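Novice: Have a look at the structure that comes next, please.
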Amino acid sequence: MGMYQLINQQDNNNIKKNTGMEGGDLMKTDSKNQKYVEMEEGLNTTDKELSVMSSSAPPIQTLKNTVINNNDNNSGGALKSRRLVSLDVFRGLTVALMVLVDDAGGIFPAINHSPWNGVTLADFVMPFFLFIVGVALGLTYKKVPCRVDATKKAILRALKLLIFGLVLQGGYLHGINNLTYGVDIQRIRWTGTLQRIAIAYLLTAVCEIWLKCDDVVKSERSLLKKYQFQWIFVLVLTVTYTALMHGLYVPDWEYQSPSENSSFSVKCGVRGDTGPACNVVGMIDRKLLGIQHLYKRPTYARTTECSINSPDYGPLPPNAPSWCQAPFDPEGILSSVMAIVTCMIGLHFGHIIVRFNDHKDRMMSWMVPAAGLVVVGFILDFCGMHVNKALYSLSYTCVTVGAAGILFVGIYVMVDVFGFRKPTLVFEWMGMHALMIYIFAACNVLPVLLQGFYWKKPENNILRLIGIGRS
């Protein structure tokens, strides 16, 4: 028996269990008194859930092609809609992966972010979050009573995320080895993980609110037609990124090393270079944000050219290039363009959930493009457009969002189709509290709070007692 037959049999068993009827009998109810189980809004508007990183997965149709007879009060009551648990599990799994690579990446550099070209376990975290944001938005804005009000709410949520990102990643908190706090506005880091998610969330939400037609979806082709303007937006973003990345001229530039209090000159004078020193992503950030506002510990400092302990951080090797200590932001302006594309592709996966009821149709509509994107990504890498997280290259976008789609399908089948929830309860809980976990664990807020309680002198705190921080 094939997978699709098992899925259909599972659906019929669930229908019979909940209603006392076979799946086909449900379609015989009085059409005047039947209504479909609707998806509810997926993003909670309270301040406790600021983004789709937190508990935002909406309910889905409990059963394939399920309808409810309003007058049938003796058949066990109306079938209740339930959350899309697979999205919570996927979000929780991503949070667990993020904590793992943040804490163990220094011990096992192989799972840490790739120093430059290539992809590692840590490099999937950001695209997974962006993909989840897109899926949830597709469910959130299935129905928009007032576009203006929905847009205002989306802007407010994005602003909240931006503020959180500036406080948590802008340099305001000084880490577990320093009890002081505060940041010099002249050196604050403007970009970061939450800021990138906020921008992608806002633009994707605006597209979903305003850029869709009124066509009725009956097939995959009609689905593409309904959202054709969104796909045009994705195409414009991709072409713009590629044209700027390979067309802009990068001149020579200089920077000052705060550690050595000396200036370094970097020779470029090229177009289309995708190396650490002379790429367009870094040039745009230096021009628009200012080099003093960029991330001070770039991943390329772990390359063989810049570290004798590569792929880990380490002392500079002899004759190291002049750019090794230069700031570079992995969540920069141009690289965020392709991050928006990742979110938009996740939005398409959300559309499939909304517009197709059959599990088989959903899985086919997900797996074909997801697998195709992975193949295209590796082909681009083979042709010289390398997979690169720091640049958020087109090949990196394809590989990571395709992998996100494939993983999501696997979780969906296991959790929402066959109902195997017990093995994933921990991830489900983490997914429902993802923003809180991110703030307290990944941003070191909890260790900083614990470190504030000490005995007689700051060095005598619970973190030092368990071996965290300076000895």
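Laboratory data are not the source of any read-out in this text; all were calculated from the coordinates shown. What you see is a predicted model, and the numbers here were worked out from it, not measured in a lab. All Cβ positions, glycine included, derive from the backbone under ideal geometry; neighbour counts span all protein chains shown.
Novice: How large is ³J(HN,Hα), in whole Hz, for each residue of region 303-313 in order, when computed from phi with the Karplus curve 6.51 cos²θ - 1.76 cosθ + 1.60 and θ = phi - 60°, using x for Gly and Pro?
Specialist: Taking θ as phi minus 60°, the curve returns 6, 5, 5, 10, 8, 6, 9, 3, x, 9, 5 Hz for region 303-313.
Novice: Read phi for every residue in region 147-159 and hand back ³J(HN,Hα) as whole Hz from Karplus 6.51 cos²θ - 1.76 cosθ + 1.60, θ = phi - 60°, with x for Gly and Pro.
Specialist: 5, 5, 5, 4, 5, 4, 5, 5, 5, 4, 5, 5, 5
Novice: Okay, next question. Express in nm, to one decimal, how much length is gained between Phe382 and Leu449 on full extension, taking 0.36 nm for each residue of separation and deducting their alpha carbon distance.
Specialist: Once the chain is fully extended between Phe382 and Leu449, it gains 19.4 nm.
Novice: Another question, then. Give the Rg (one decimal place) followed by the Dmax (whole number) of region 108-223, computed from C-alpha coordinates and expressed in Å.
Specialist: Spelled out, the Cα radius of gyration and Dmax of region 108-223 are 18.8, 59 Å.
Novice: Could I ask something else about it? Could you tell me whether region 412-471 comes out rounded, prolate or oblate from its Cα gyration tensor? Rule is a ≥ b ≥ c as square roots of the eigenvalues, rounded for a/c under 1.5, then prolate if a/b exceeds b/c, otherwise oblate.
Specialist: Prolate, because a/c is 1.5 or more and a/b exceeds b/c.
Novice: Related question: Given the C-alpha atoms of region 85-144, compute the convex hull and give its volume per residue in Å³.
Specialist: Looking at region 85-144, the number lands at 82 Å³ per residue.
Novice: Fully extended, how many nm does the chain gain between Ile188 and Trp429 (0.36 nm per residue separation, minus their Cα-Cα distance)?
Specialist: Result: 83.4 nm gained on full extension.
Novice: ³J(HN,Hα) across region 197-214 via Karplus (A = 6.51, B = -1.76, C = 1.60, θ = phi - 60°), whole Hz, x for Gly/Pro?
Specialist: Residue by residue, region 197-214 yields 4, 4, 5, 4, 4, 5, 5, 5, 5, 4, 4, 5, 6, 10, 9, 8, 8, 9 Hz.
Novice: When Rg is the radius of gyration of the Cα atoms in region 330-420 and Rh is its Kirkwood radius, what does Rg/Rh come to?
Specialist: 1.04
Novice: Given the pairs Lys142/Lys389; Lys267/Lys287; Lys143/Lys212; Lys218/Lys360; Lys153/Lys218, which are separated by over 21 angstrom at their Cα positions?
Specialist: Lys142/Lys389; Lys153/Lys218
Novice: Nearest 0.05, what FRET efficiency do Lys456 and Ser262 give at R0 = 45 Å with Cβ-Cβ as r? Let's see the in-between values first.
Specialist: On the way: r = 41 Å, r/R0 = 0.91.
After rounding to 0.05, the efficiency reads 0.65.
Novice: Sticking with this structure for a sec: Express the C-alpha Rg of region 303-355 as a ratio against the empirical globular expectation 2.2 N^0.38 Å, rounded to two decimals.
Specialist: Here the answer is 1.91, to two decimals.
Novice: Same structure, new question: How big, on average over all directions, is the shadow cast by the Cα convex hull of region 200-339, in nm²?
Specialist: Average of the hull's projected areas for region 200-339 equals 10.8 nm².
Novice: In addition: Among Thr242, Asn279, Leu203, whose Cα projects farthest towards the positive end of the dipole of region 203-329, with charges put on the beta-carbon of Lys, Arg (+1) and Asp, Glu (-1)?
Specialist: Leu203
Novice: Compute the length gained on full extension between Leu100 and Thr151: take 0.36 nm times their separation in residues and subtract their Cα-Cα distance, giving the result in nm to one decimal. Before the final figure, lay out the partial values.
Specialist: On the way: separation 51, 0.36 × 51 = 18.36 nm, distance 3.54 nm.
Taking Leu100 through Thr151 to full extension adds about 14.8 nm, to one decimal.
Novice: So, in Å, what gap is there between the alpha-carbon centers of region 288-344 and region 84-148?
Specialist: 21
Novice: For the modelled label position 7 Å from the Cα of Asn309 along Cα-to-Cβ, which residues of region 91-106 have backbone nitrogen atoms closer than 12 Å?
Specialist: Zone members listed by number: 106.
Novice: How about region 399-471: which trypsin sites (Lys or Arg not before Pro) there are in a DSSP loop, with at most 13 other Cβ atoms within 10 Å of their Cβ?
Specialist: On the way: sites: Arg421, Lys456, Arg464, Arg470; in loops: Arg421, Lys456, Arg470.
Loop-located and lightly packed - Lys456, Arg470.
Novice: Please list, ordered by chain and number, the residues whose modelled amide H lies under 5 Å from the amide H of Tyr454; skip anything fewer than 5 residues away on the same chain.
Specialist: Here nothing satisfies the definition.
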